[in-house]
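The values are calculated or read from the model by the stated rules, or taken from the named source; none is laboratory data. Note that the coordinates shown come from a computational prediction; the quantities given were computed from them, not determined experimentally. As a convention, Cβ positions derive from the backbone with ideal geometry for all residues, glycine included, and neighbour counts pool all protein chains shown.
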Ligand code: MRU
């Protein structure tokens, strides 16, 4: 994607080979690129959400392992990097998937071959993520086109999305936003309702920033507005991302996704989830019981970050000082509420049967 006309990915290696990321904690108010100079910096970037979004967390973890191998490729260093990186965030399965993939390549290798092999595998994961998301965009475009075909010519298609599942949540393109970018580029008039996504405001800060940079019409809405807009016929479809999809099609995504799916079903609005197949956890079948839900710091709920009218970044408390808060970062939408899963291999039913078609090359 382009920022001020310059092509960017969310993670890349510069000409010296140093891994660089865009610090998402200061967007949209500041565009800051930071290097990942060592493995702890990569772990910190994931934990502090300088990078976030399931596919990008996976790619960053892969690079973190490669950076560790460049410094010390011993078995002990490999175990330490794997353990440290896998403990950063619990919910997105891509993290563990990427670490397993790189470690599987490294373990049989002699120590002196590991650094180059790890970096090559991390590069491959990043490149594949881009291709996967571009393919998701193509399949999702067909979904949007089919809905557009039911409307009068030139009618705007209103799409609601939650959190940020755009290019900044992946290496490029995004998952839920890839179909929207492709539809916009194909000349289908699309407009996006952007859930602000409290408490970290990934919608208000990141999705709105991305869509604006690409020229996609959108409005930021408060998290509780979606049901009301659906009741008034102002939403044609929902598309969200996911951090972990179970083998039977339950979808774990940013907290609040479930409520949007409930409202969508009550209003006959199609509810699609876009995902790369590495986001499928083939080992579990009951998302509510089995997906680990990240508990984040209560101060993300009690405080809010922003800029003042004079442009100064500020953090303010919005709750009584004595009121405790609870901060579950994700929820699970049962498969029965999902119209379809948009993957790089096509749109499948959110069911064990639908997902089984993806199993052979996804494992
Ligand atoms: O806590 P975050 O910002 O990492 O959560 C991200 C999401 O929930 C996204 O919707 C999901 O990872 C899909 S990203 C392509």
Which of the residues spanning segment 28-48 are crowded, with 19+ Cβ neighbours inside 10 Å and under 27 Å from residue 212 (Cα atoms)?
45, 46
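Results for (1) away from the ligand (no atom under 16 Å from the Cβ); (2) not in a strand (DSSP E or B), shown as yes or no for each residue.
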| position | (1), (2) |
| --- | --- |
| 9 | no, yes |
| 12 | yes, no |
| 20 | yes, no |
| 45 | no, yes |
| 51 | no, yes |
| 67 | yes, yes |
| 73 | yes, yes |
| 76 | yes, yes |
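Could you tell me whether residue 118 is buried (at least 21 other Cβ atoms within 10 Å of the Cβ), in contact (Cβ under 8 Å) with a residue 12 or more places away in the chain and within 17 Å of residue 72 (Cα to Cα)?
yes
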The lone exception for residue 187 - which of (1) more than 10 Å from the ligand (Cβ to nearest atom); (2) touching a helix residue (DSSP H, G or I) at 6+ places or on another chain (Cβ under 8 Å); (3) not in a helix (DSSP H, G or I) it fails:
(2)
Would you be able to say whether some residue in segment 93-106 is farther than 27 Å from residue 343 by Cα and not in a helix (DSSP H, G or I)?
no
Taking segment 144-170 and keeping only residues that are in contact with a helix residue (DSSP H, G or I) (Cβ under 9 Å, 6 or more places away or on another chain), under 21 Å from residue 261 (Cβ atoms) and either in a loop (DSSP other than H, G, I, E, B) or more than 9 Å from the ligand (Cβ to nearest atom) (or both), one is left with 144, 157, 158, 159, 160, 162, 163, 164, 165, 166
Can you name the condition, by its number, that residue 248 falls short on among (1) farther than 21 Å from residue 136 by Cβ; (2) assigned to a loop (DSSP other than H, G, I, E, B); (3) in contact (Cβ under 8 Å) with a residue 40 or more places away in the chain?
(1)
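Take the conditions surrounded by fewer than 18 Cβ atoms within 10 Å (Cβ to Cβ) and within 16 Å of the ligand (Cβ to nearest atom) and apply them to residue 349. Does it pass?
Taking the combined requirement at face value, the residue does not satisfy it.
A quick yes/no check of all residues on (1) surrounded by 24 or more Cβ atoms within 10 Å (Cβ to Cβ); (2) touching a helix residue (DSSP H, G or I) at 6+ places or on another chain (Cβ under 7 Å); (3) on the phi > 0 side of the Ramachandran plot; (4) in the same structural domain as residue 336 (by TED's automatic domain parsing):
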{"residue": "236", "(1), (2), (3), (4)": "no, yes, no, yes"}
{"residue": "247", "(1), (2), (3), (4)": "no, yes, no, yes"}
{"residue": "262", "(1), (2), (3), (4)": "no, yes, no, yes"}
{"residue": "273", "(1), (2), (3), (4)": "yes, no, no, yes"}
{"residue": "276", "(1), (2), (3), (4)": "yes, yes, no, yes"}
{"residue": "279", "(1), (2), (3), (4)": "yes, yes, no, yes"}
Can you name every one of the strands (runs of 3 or more DSSP E) wholly within segment 271-363 that holds 1 or more residues which are more than 23 Å from the chain's Cα centre (by Cα)?
303-307, 313-317
